[in-house]
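Trainee: Below you will find the structure I want to go over with you.
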Amino acid sequence: MPGKAWKFGDGISTDHIAPGRYFHLRSNLPELAKHVLEDARADFAPNVKKGDFVVAGRNFGLGSSREHAPTIIKMAGVAAVIAKSFARIFYRNCINIGLPAIIADSDQIDEGDTLDVDLAAGKIRNLTKSIELNFPPLPEVMTKILKEGGLIPYVKKYGELPEI
């Protein structure tokens, strides 16, 4: 399903994603999601649509290892985060909560481009520019976790953790 690209730069931290002044909302994730990425772009949270994409530069998600950072991105309706690189713990938290995190050359994607992503094929189609970007397909175990909606639904369905 195609969605719009929302462009961010390098070094977007978990504090940009879930601003510290909303610390009191960590137990109310739907309310916290209304402020997602507010400190990086004030126009993002009120305007993001289901199926849109966060597109960023290097080291997306650096900082603390709070699971609620990728969770509120997903709750905002974002289909996937596409970045040149991710902070390691943030990347794994994305997979664990069922949010695709794709490592790709984000320089070829501009603000507002319409994208369609095929996780299985490792392809991002930029429908605005009529180009296709390849990315390393996710390992099978991660694809299975994403397919189930995250690690908890995976374990509930299969009764065990996947072999990694």
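The values are calculated or read from the model by the stated rules, or taken from the named source; none is laboratory data. From a predicted model like this one, the values you see are computed outputs, not experimental measurements. With ideal geometry, Cβ positions are generated from the backbone for all residues, glycine too; neighbour counts draw on all protein chains shown.
Trainee: So, in the stretch 52-103, exactly how many residues are small (G, A, S), crowded, with 19+ Cβ neighbours inside 10 Å and touching a strand residue (DSSP E or B) at 6+ places or on another chain (Cβ under 6 Å)? Walk me through how you get there before you give the answer.
Mentor: Here is the first cut: in the stretch 52-103, the ones small (G, A, S) are 56-57, 61, 63-65, 69, 76-77, 79-80, 83, 85, 87, 98, 101.
Restricting the remaining residues to those that are crowded, with 19+ Cβ neighbours inside 10 Å gives 56, 61, 69, 76, 79-80, 83, 87, 98, 101.
Of the ones still in play, those that are also touching a strand residue (DSSP E or B) at 6+ places or on another chain (Cβ under 6 Å) are 56, 61, 79-80, 83, 87, 101.
Selection size over the stretch 52-103: 7.
Trainee: Separate question: Is it the case that some residue within the stretch 46-66 is at pLDDT 95 or above, of a type in the set (V, I, T) and more than 14 Å from A5 (Cα to Cα)?
Mentor: Looking only at the stretch 46-66, we keep the residues that are at pLDDT 95 or above, and these are 46-62.
Narrowing further to those that are of a type in the set (V, I, T): 48, 54-55.
Pick out the ones that are also more than 14 Å from A5 (Cα to Cα) and you get none.
No, the stretch 46-66 has no match at all.
Trainee: Here's something else I'd like to know. Could you say whether any residue in the stretch 140-147 is under 21 Å from I109 (Cβ atoms) and among the basic types (K, R)?
Mentor: no
Trainee: So if I check each of L115, L119, L127, which one is surrounded by fewer than 20 Cβ atoms within 10 Å (Cβ to Cβ), touching a residue at least 60 places away in the same chain (Cβ under 8 Å) and more than 24 Å from T14 (Cα to Cα)? Talk me through it step by step, then tell me what you get.
Mentor: Values: L115 fails: surrounded by fewer than 20 Cβ atoms within 10 Å (Cβ to Cβ); L119 fails: touching a residue at least 60 places away in the same chain (Cβ under 8 Å).
Result: L127 is the single residue among L115, L119, L127 that is surrounded by fewer than 20 Cβ atoms within 10 Å (Cβ to Cβ), touching a residue at least 60 places away in the same chain (Cβ under 8 Å) and more than 24 Å from T14 (Cα to Cα).
Trainee: Filtering the stretch 144-164 down to residues that are loosely packed, with under 15 Cβ neighbours inside 10 Å and β-branched (V, I, T), which residue is farthest from F86 (Cα to Cα)?
Mentor: V155
Trainee: Of all residues in the stretch 1-56, how many are out of contact with any Leu (no Cβ under 7 Å at 6 or more places or on another chain) and among the small types (G, A, S)?
Mentor: 8
Trainee: In the stretch 2-43, what residues are more than 19 Å from I97 (Cβ to Cβ) and among the small types (G, A, S)?
Mentor: A5, G9, G11, G20, A40, A42
Trainee: Which is at pLDDT 95 or above, closer than 20 Å to R66 by Cα and buried (at least 16 other Cβ atoms within 10 Å of the Cβ), of L32, L25?
Mentor: Working: L25 fails: at pLDDT 95 or above.
When all the criteria are applied, what remains is L32.
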